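J.: Take this structure, written in structure tokens, and hold onto it; I'll ask about it next.
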Amino acid sequence: LNSIQHLITESEKDKALRYLSKFSKLIRLILKNASKNTNTIAEELKILEYYLDLEALRFSPRFSYHFDIDSKLNIDMIEIPSILLQPFVENALVHGLLHKETAGFLEISMRISGAHLQCSITDNGIGREAALIIQQQKGLHHDSLALQLSTERITMLEKISNKQLSIDIQDLKNEQGAILGTKVYIEIPLD
């Protein structure tokens, strides 16, 4: 809402209207799915698309994104825990990409492997260590509420479904040890 207000005060009314339209669609989708434990992959991707489009409008041209979805996935039928990926996408954007001096890139990938859905969120951001240093320099102590809530939700869903989800967060480095970004890998059982 602050971004919309800023666009209006800067007389960027067309951009503000596009932003407001996407924002209302995102809120509508989130409210529609708030009481559900699972959503179809298609619904989750739509939520991520609206969220990323909003952030792209707000921070343009600082990052771009891409969905790489396995064509074998029936995204309209397969269900996954609701709003599971969005906090990790938000962390990649806010902590990794927006601190880059050059344009950032975010990729959300989904593949089927046996009885599991493998999801990855990969960015070419500054990495977790550099993001922590920036927060400390700004005098901020940041415990990732999104990560904590996601972990709690996963634990709850595991108890309900008796299925084990796995999450692995990796710093991506080249051979010399320079940070290339961060990758979040999530594996979700489908049976």
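J.: In square angstrom, rounded to the nearest 10, how much accessible surface does Asp14 have for a 1.4 Å probe?
T.: For Asp14, solvent-accessible area is about 110 Å².
J.: Stretched out fully, how many nm does the piece from Ile160 to Asp76 gain, at 0.36 nm a residue minus the Cα gap?
T.: Result: 27.9 nm gained on full extension.
J.: Can you give me the long-range amide H partners of Thr38? Hydrogens built in the peptide plane at 1.01 Å from N, cutoff under 5 Å, separation of 5 or more residues or another chain.
T.: Long-range HN contacts for Thr38: Ser82.
J.: Further question on the same structure: Could you sort Ile30, Ile126, Ile160 by their accessible area in this structure, using a 1.4 Å probe and putting the largest first? Walk me through the intermediate numbers first.
T.: On the way: Ile30 60, Ile126 35, Ile160 110 Å².
If we order Ile30, Ile126, Ile160 from most to least accessible, we get Ile160, Ile30, Ile126.
J.: Probe 1.4 Å, all protein chains in place: accessible area of Tyr65 in Å², nearest 10?
T.: For Tyr65, the solvent-accessible surface is approximately 60 Å².
J.: Moving on. If the cut-off is 20 Å between C-alpha atoms, which lysines fall inside it for Lys163, apart from same-chain ones fewer than 8 positions away?
T.: Output for Lys163: Lys36.
J.: Further question on the same structure: Largest first, how would Arg153, Arg58 line up by accessible area (1.4 Å probe)?
T.: These residues rank, largest area first, as Arg58, Arg153.
J.: Taking the Cβ of Leu57 as the center, what net charge do the other residues with Cβ under 12 Å away carry, scoring Lys and Arg +1 and Asp and Glu -1?
T.: Neighbour charge sum, excluding Leu57 itself: +1.
J.: From the phi angles alone, apply the Karplus equation (6.51, -1.76, 1.60; θ = phi - 60°) to region 76-86 and give each ³J(HN,Hα) in whole Hz, x where the residue is Gly or Pro.
T.: Along region 76-86, the couplings run 8, 10, 6, 10, 10, x, 5, 6, 7, 7, 4 Hz.
J.: Right, something else. For the chain, list the DSSP H helices whose alpha carbon atoms reach 20 Å or more along the long axis and whose average Kyte-Doolittle value is 1.0 or above?
T.: Numbers: long enough: 13-33 (30 Å, -0.28); 41-59 (26 Å, 0.31); 145-161 (24 Å, 0.35).
Length and hydropathy pass: none found.
J.: Where Rh is the Kirkwood radius over the Cα pairs of region 52-151, the temperature 10 °C and the viscosity 1.306 mPa s, what D in µm²/s does Stokes-Einstein return?
T.: Approximately 106 µm²/s, per Stokes-Einstein.
J.: On average, how much accessible surface per residue is there in the chain, in Å², for a 1.4 Å probe, leaving out ligands, DNA and RNA?
T.: So the chain comes to 57 Å² accessible per residue, rounded to a whole number.
J.: Viscosity 1.306 mPa s, temperature 10 °C: Stokes-Einstein D of the chain from its Kirkwood Cα radius, in µm² per second?
T.: Diffusion coefficient, whole number: 89 µm²/s.
J.: Ordering Phe59, Phe105 by how much accessible area each has at a 1.4 Å probe, largest first, what is the list?
T.: On the way: Phe59 40, Phe105 80 Å².
The residues order as Phe105, Phe59, largest area first.
J.: So how much accessible area does Arg62 have, in Å² to the nearest 10, using a 1.4 Å probe?
T.: Accessible surface of Arg62 is approximately 90 Å².
The values are calculated or read from the model by the stated rules, or taken from the named source; none is laboratory data. Remember, it's a predicted structure, so these values are computed and weren't measured experimentally. Here Cβ is always computed from backbone atoms with ideal geometry, including for glycine, and neighbour counts include all displayed protein chains. Protein only, heavy atoms only, side chains kept; ligands, DNA and RNA dropped before computing areas. Shrake-Rupley method; radii C 1.70, N 1.55, O 1.52, S 1.80 Å.
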